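Comments concern the structure below.
The values are calculated or read from the model by the stated rules, or taken from the named source; none is laboratory data. This one's a predicted model, so the numbers in the text were calculated from it and none came from an experiment. Here Cβ is always computed from backbone atoms with ideal geometry, including for glycine, and neighbour counts include all displayed protein chains. For the accessible areas, the whole protein counts, side chains as well, though only heavy atoms, and no ligand, DNA or RNA atoms are used. Shrake-Rupley method; radii C 1.70, N 1.55, O 1.52, S 1.80 Å.
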Amino acid sequence: MDKFSPIDELDKQYFNVLDNLRASGEINMFGAPQWLERNHGLPSVVAKAIFTKWSDTFSERVMSGEVQL
């Protein structure tokens, strides 16, 4: 999984989790990969790849109305 691969359904599920986590203010989002590891049992490399893809697409998803600020 790299940041240039298409967004699939699994990505969308984790993006929703990360969007909700960001909105909650529970943690600084730079800690999100470790949070995904602990709370979803993801390997480090997978958690980091999901977070990177989430970060790289965040502005685009905000502009499209998919994510509310």
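Considering only residues that are in contact (Cβ under 8 Å) with a residue 24 or more places away in the chain and not in a helix (DSSP H, G or I), which ones fall in the stretch 27-67?
Correct list: 67 only.
Return the residues of the stretch 42-67 that are in contact with a Leu (Cβ under 7 Å, 6 or more places away or on another chain) and farther than 15 Å from residue 21 by Cβ; say none if nothing qualifies.
62, the sole residue that qualifies.
Hey, can you tell me all the residues within the stretch 16-25 that are open to solvent by less than 40 Å² (accessible area, probe 1.4 Å) and closer than 15 Å to residue 62 by Cα?
18, 19
Being at pLDDT below 95 and in a helix (DSSP H, G or I) is the requirement here; does residue 19 meet it?
Numbers: at pLDDT below 95: no; in a helix (DSSP H, G or I): yes.
Judged against the criteria, residue 19 is not a match.
Which numbered condition in (1) modelled with pLDDT under 95; (2) open to solvent by less than 80 Å² (accessible area, probe 1.4 Å); (3) assigned to a helix (DSSP H, G or I); (4) of a type in the set (A, V, I, L, M) is the only one that residue 10 fails?
(2)
Of all residues in the stretch 13-22, count the ones that are free of Cβ contacts under 8 Å to residues at least 40 places away in the same chain and out of contact with any helix residue (DSSP H, G or I) (no Cβ under 6 Å at 6 or more places or on another chain).
Number satisfying all stated conditions: 5.
Would you be able to tell me the number of residues in the stretch 26-55 that are under 14 Å from residue 14 (Cα atoms) and either surrounded by 13 or more Cβ atoms within 10 Å (Cβ to Cβ) or of a type in the set (Asp, Glu) (or both)?
Result for the stretch 26-55: 19.
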